[in-house]
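Just below is one structure, and these are the notes that go with it.
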C-alpha cells in the first residue's frame with residue numbers, strides 16, 4: 001500500500017492523525033506529516049478512515 005499527501009492543500013483539521021496515528025502526524029502548524037508512506041496492509045482500514053476524515057482531500061492511496 002502506498003500513501004501520499006499534498007501538504008500544500010492541507011487545512012490542518014487533524015482527522016488523519018486521529019484515524020491513523022501510526023501513519024500520520026502534524027507539524028507545529030498542524031499540517032499533515034506522513035510518518036509511513038508504505039504502511040502494512042493491516043493499516044488499510046485506518047488509512048481509508050483518514051482519507052474519509054480529510055475535508056481537503058489531501059491523502060492519496062495507491
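No lab work stands behind these numbers, since they all come straight from the coordinates. Predicted model only: the values in this text are computed from it and were never measured. Reconstructed Cβ throughout: ideal geometry from the backbone, glycine too, with neighbour counts over all protein chains shown.
The value of relative contact order for the chain, using C-alpha pairs under 8 Å at least six residues apart, is 47 percent.
From helices alone, the chain scores -6500 deg cm²/dmol at 222 nm; the rule is -39500 (n - 2.57) for each run of n ≥ 4 DSSP H residues, then divide by the residue total.
Among (i) 13.2; (ii) 12.8; (iii) 11.1, which one is Kirkwood radius over Cα pairs in Å computed from these coordinates? Label (iii) holds the value from this structure.
Here 34, 61 are placed in order of increasing Cβ neighbour count within 10 Å, fewest first, which gives 61, 34.
For the chain, the longest principal axis of the C-alpha atoms and the axis of helix 44-53 are separated by about 30°.
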